[in-house]
Amino acid sequence: MKATKEKIENSQAFITVEAEPDEVEAGMKKAYQRVVKKANIPGFRKGKAPRDVVESFVGKEALLEEALEDIISDTLTKALKEENIEPFTQSAIEITQMEPVTFKAIVPLPPVIAPGDYKAIKVEPITSEFKDEHVDRVIEQLRHQNAVWEPVDRAIAMSDMVTMDIKSEAAGKPVINRDGWQYQLEEGSKFPLPGFAEQLVGLSRGEEKEFTLQMPTDYTNTELAGKDVSFRIKVVEVKQEKLPEVNEEFVKVVSPECENITVLRERIAKELKERAEERDRLDYEEKVIQAVVDVSKIEYPPVIVERETERLLEQQLQYLQMSGMNIEDYMKAMKKTPDDLRVELMPRAEKRVRQSLLLEKIAESENIEVTETEVDAEIETMVKRSHEQHAHEQHAHEHDAHEHEIAEMRASFNNSRDAIKDMIKVRKAAQRLIDIAKSSYTENKGEPEKKEG
């Protein structure tokens, strides 16, 4: 084996390896032993044909192809040992020639993380301001959700619900052709086209109107993009929204467990505050971790970001499927390919990789430990959360099925105890940084540190 280390760059080693004849021969022998057991060669029982017969039957080139994986694996292992290189994960291989077998390897190296002075980091806590108008806004949303639509004998105004017969076409092709089509007018709406809602304002029941609007130049159907669309509509009915009064009857409908509007407002306020506190906690954690990332040295091979990008892409596609969307239709509508999504997700993936690597290093530096009891508790939380997510698909009488499902979930999570332990360790590391940042900030401000919990 002849190995040439060309360079180390971007946390990767670039090596060219040429296999010696005896190394190729060793790989060929292994390939022969595998092939002879599978090949149906006339005149020989499986596994009994001599090597020269096997080579003649399948072809020497085909046998060499079969041997390549062994040759590359064995020679690369020797080369890395000779060059004193410890790979972080699987190398990328490019075969440059077959005689002699020569290949280039891009070897990802272990990440190098040197945390900055994180014990000096101070970040101002985030506290959202809560106002009664936030409750008013929720009450108003509830009113709209429980509104009724009443027919009116007047001209159409914004926010009305209009029933119409509509015919439209662009470049000789139909766009929307329906009788009894319901449409709610919204200021600035771009559906079905910008300016459509405004064209309806002032019309009354029984009136007809013809008008032309232009398709957006970036419309998904390129044949119609930028084309004029001619509309012919007839107003069948006009309805206005009648909002319910905020009284005891309203409270009974939206939240039967609340005694009166005061209790309802208190409940809404409590839920809003809890959500705001959780959002503030997550935003503060993100801000603190990023502050430490910014003062730290973090180097890693690109393959880590590529893997995280693929994971995020898979998550996004799964979410679309669970939402009932057809992925191909979504891609066409957004004018994107999976590669486009990868490019969009890469900055987010890179940020997550940097933060994750840093937290793992902080956990190591701070000697953070996780007990088996903590892992057990986390598994039970995960089981409960997963079960609740699937509960709506089950029936209450299927108690035995539920118990079996929970047992399977628990067993599945128990198979990942090490990963769960690492997850808890990283979470503890993040909390350690938060405690340091808050403590440093309060000391800097001359305020007494508030103990949590």
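So how far apart, in nm, are the two label points at E259 and E223 if each is 7 Å from Cα heading toward Cβ?
Label at E259, label at E223, 6.6 nm between them.
Ranked by Cβ crowding within 10 angstrom, fewest neighbours first, how are V17, V36, V236 ordered?
Lowest to highest Cβ neighbour count: V236, V36, V17.
Please list the equivalent ellipsoid semi-axes of the chain, computed as the square roots of five times the alpha-carbon gyration tensor eigenvalues, in descending order and whole angstrom.
Semi-axes (√(5λ), whole Å): 58, 39, 25.
Please list, or write none, the lysines whose alpha carbon is within less than 21 Å of the alpha carbon of K234, excluding same-chain residues fewer than 8 places away.
K167, K173, K190, K209
Sort I95, I166 so that the residue with the fewest other Cβ atoms within 10 Å of its own Cβ comes first and the one with the most comes last.
The order, fewest Cβ neighbours first, is I95, I166.
With only Lys, Arg, Asp and Glu charged, each at its Cβ (+1 for the first two, -1 for the last two), find how big the charge dipole of the chain is about the Cα centre; round to the nearest 20 debye.
I would put it at about 900 debye.
For H387 and E266, compute 0.36 nm times the residue count separating them, minus their Cα-Cα distance, and round to one decimal in nm.
Gain on stretching H387 to E266: 40.5 nm.
Put +1 on the Cβ of every Lys and Arg and -1 on every Asp and Glu Cβ in the chain; which of Y441, Q184, V53 then has its Cα farthest towards the positive end of the dipole?
Of the options given, the answer is V53.
When the Karplus curve 6.51 cos²θ - 1.76 cosθ + 1.60 is applied with θ = phi - 60°, which whole-Hz ³J(HN,Hα) does each residue of the range 131-143 get, with x for Gly and Pro?
So the Karplus estimates, Gly and Pro as x, are 10, 4, 5, 5, 5, 4, 5, 5, 4, 5, 4, 5, 4 Hz.
Working out 0.36 nm times the residue gap between E274 and S365, then minus their Cα-Cα distance, what length gain in nm do you get to one decimal?
My answer for the length gained is 29.4 nm.
As a check on your grasp of the helix formula, calculate [θ] at 222 nm for the chain: sum -39500 (n - 2.57) over DSSP H runs of n ≥ 4, divide by the residue count, round to the nearest 500.
-17000 deg cm²/dmol
Counting only residues 5 or more places away or on other chains, whose amide H sits under 5 Å from the amide H of V236 once H atoms are built in the peptide plane?
Those qualifying (amide H under 5 Å, at least 5 residues apart or on another chain) are T163, M164, D165, G206.
Charges only on Cβ, +1 for Lys and Arg, -1 for Asp and Glu: so what's the dipole of the range 2-110 about the Cα centre, in debye to the nearest 20?
Computed about the Cα centre, the dipole is about 700 debye.
With only alpha-carbon atoms counted, please give the Rg and Dmax of the range 2-110, in Å.
Cα radius of gyration and Dmax of the range 2-110 are 16.5, 56 Å respectively.
Out of every Cα pair in the range 148-242, what percent are spaced more than 18 Å from each other?
Across the range 148-242, Cα pairs with separations above 18 Å total 44 percent.
Measuring from label point to label point, each 7 Å out along Cα→Cβ, what is the T96 to E310 span in nm?
2.6
Set the Förster radius R0 to 25 Å, insert the Cβ-Cβ distance between T163 and V201 as r into 1/(1 + (r/R0)^6), and round the FRET efficiency to 0.05.
E(calc), rounded to 0.05, equals 0.95.
Once fully extended, how much extra length lies between A171 and V236, figured as 0.36 nm per residue of separation less the alpha-carbon to alpha-carbon distance?
20.7 nm
Residue-wise, which Karplus ³J(HN,Hα) couplings in Hz belong to the range 26-32, taking 6.51 cos²θ - 1.76 cosθ + 1.60, θ = phi - 60°, and x for glycine or proline?
Calculated HN-Hα couplings, in order: 4, x, 5, 4, 4, 5, 4 Hz.
Just want the answer: with Cβ charges of +1 for Lys and Arg and -1 for Asp and Glu, which residue in I8, V152, A407 is farthest toward the dipole's positive end in the chain?
It is I8.
At what distance in nm do the modelled label points of E82 and N10 sit from each other, each positioned 7 Å from its Cα along Cα→Cβ?
My value for the distance between the label points is 2.6 nm.
Bear in mind that the values in this text are calculations on the coordinates, not laboratory data. Only a predicted model underlies this, so the values are computations on that prediction, with no experimental measurement involved. So basically every Cβ, Gly included, is an ideal-geometry build from the backbone, and we count neighbours across all protein chains shown.
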